Amino acid sequence: MAKSLDEETLIEDSEDDDDTIDNNEDDDDVEEEEFFEEDDDDDENQVEDLLSIESRIRYERHLLGNLVRRLSTETVTLKVHDVVIKGNKKTNYSLLESEIKALKDATTMQELLAIATIVNSRLQRFDIFDSVRITFDTGPPELPGTTNVMVEVVEPKNPFVGEFGVFSKTEAKTWSLEGSAKLKNLFGYGDIWDGSWAFWWDQTAEIGSGFSLPRFKGINTPLTARVSLLSQDWMKLSSYKDQLLGLSVGLISTMHHDLAYNLTWRSLADPSQSSFKSIRSQLGHSLLSSLKHTYKFDQRDSPVRPTSGYAFQSTSQVCGLAPDSRSSRFLRQECDVRFALPLGFYNAALNFGASAGFIVPWGSGFWNTTPLMSERYFFGGNSSPVCKLGGPATLVGFKTRGLGPSEPQSVAVGKSNDESLYALGGNIAVTAFADLSFDLPLRVLREAGIHGHLFACAGKLSKATVEEFKGFSFQRFGESMRSSAGVGIVVPTKLFRMEVNYCYILKQLEHDRGKTGVQFSFSSPK
């Protein structure tokens, strides 16, 4: 009996143990199920998050697409609730407020976008900000159909800017050392104070200083003023020295138009007493008082290496506004047009352009009057015609003042025929050029912007006299054109464009000073 009880007890205990084992196994199964359920929940949450992000992106794209369609097909009305300016720690608030007030008058989204583009361009033209950004945000919830405009400007950490370079210019002797310094936004009104200097070989120098304000009180146009002193030594090429002390005041300045008044006191001297007959009557002092209007637009993608776009500049100058009898009286008109066409391979582009200018005296006896030497056109030099947008001045391959009308020296002892001729310049000038630029095969050169080019240019310089107009013919005009062509490598930088060219003179006249061979040039795009 006892044995049976013990067996029963053992059986019960074993059953209990089995129940415990079964319970533990059940607990493990529950835990595993809960673990996998949690993993499944996490995966489902991640999937839901991904789906929510993707759906949100699709929804935002849908809203953006609807907005674009509405902007292109219908007028979206709105009202500007507020315009907020940020980042102007130093710049006076009133200066910015006067430029952005047009944003508050917008009544449609299309009008607001157009005004914002204009305001951004105007603020960029101040040249006192590193960047300008205009964004839109929804207005207060209680005012549906409204928007807030955020105008954020970034002021430079250092208001001082300086530049230094070595250039080759047509109006200078050969090479020049040039430097400039600007102090921007000194008083917080967008004011820019600048100074510049340039020294050429053969005792030629220029020093200038000026300031500009983007607006002055109620005047909406910028106010500029500049004083400069220029001393030029042309004894070897034209037998005179020229010194100019000038004052220039900007009257009107917009995106495309500039009107300025210039007052210059000139002094022509001949220390060697060897000047030629044409210039002796011009020695001494003269006054230049003029109004100068410039119309310019430049849609090229780069002034250093244009690959697409076009540009045009027209300059009109009326001189002789002062009643002084020593005031020079003449009219000057210059035009310059440029085109850049991409060719679609090796980043190649074809640049071509043409420039023309003329000077006509006015006043009593103007038919018998010739412009002063310092006002005439002179060709030559090695600067690139691609960079600078202005009047006719460059003809690659010819020395400075190396072509055009000339006159022998009064005394020429022990000198060659070329050296005994003095350049007279002209009052009618025409130039044209074509330049094919392309990438070089080496990757390191392409990344540095170094590229090759083929070029050709032609030009004519003459004196406009009554006799020349009477005997004018296109055949004679073509026969008197000078031309050159060449190939070279261009190294563009932020400050200048350097070229190493082999130039070949295609046509020159008897007394021209053209040179076939390797030539270097440094050209400023400004």
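The values are calculated or read from the model by the stated rules, or taken from the named source; none is laboratory data. These figures come from a predicted structure and were not determined experimentally. Virtual Cβ from ideal backbone geometry, glycine too; neighbours counted across all protein chains shown. In case anyone asks, the SASA skips ligands and DNA or RNA and just uses the protein heavy atoms, side chains included. Shrake-Rupley method; radii C 1.70, N 1.55, O 1.52, S 1.80 Å.
With a point put 7 Å past each Cα toward its Cβ, work out how far residue 148 is from residue 314 in nm, to one decimal.
4.7
Tell me, in nm to one decimal, what length is gained between residue 256 and residue 199 on full extension, where the rule is 0.36 nm per residue of separation less the Cα-Cα distance?
Extending this stretch completely gives an extra 17.4 nm.
Could you state the accessible area per residue of the stretch 98-166 in Å², with a 1.4 Å probe and every protein chain left in place?
Spelled out: the 1.4 Å probe surface of the stretch 98-166, per residue, equals 56 Å².
If I model a spin label at residue 52 and residue 500 as a point 7 Å from the Cα along the Cα→Cβ vector, what separation in nanometres do I get?
So the label points at residue 52 and residue 500 sit 6.3 nm apart.
State, to one decimal in nm, how far the label point of residue 161 lies from the label point of residue 493, with both points 7 Å from Cα in the Cβ direction.
1.8
Tell me, in nm to one decimal, what length is gained between residue 135 and residue 442 on full extension, where the rule is 0.36 nm per residue of separation less the Cα-Cα distance?
106.3 nm
In the stretch 68-140, carbon and sulfur make up what percent of the accessible area (probe 1.4 Å)?
In the stretch 68-140, the share of accessible area belonging to carbon and sulfur is 50 percent.
Can you work out the FRET efficiency for the pair residue 509 and residue 454, with r the C-beta to C-beta distance and R0 = 35 Å, to the nearest 0.05?
That gives a FRET efficiency of 0.90.
Past 30 Å, Cα to Cα, is the threshold; run 182/292; 388/515; 241/296; 89/388; 101/292; 236/463 against it and keep the listed order.
Over 30 Å Cα-Cα: 241/296; 89/388; 101/292.
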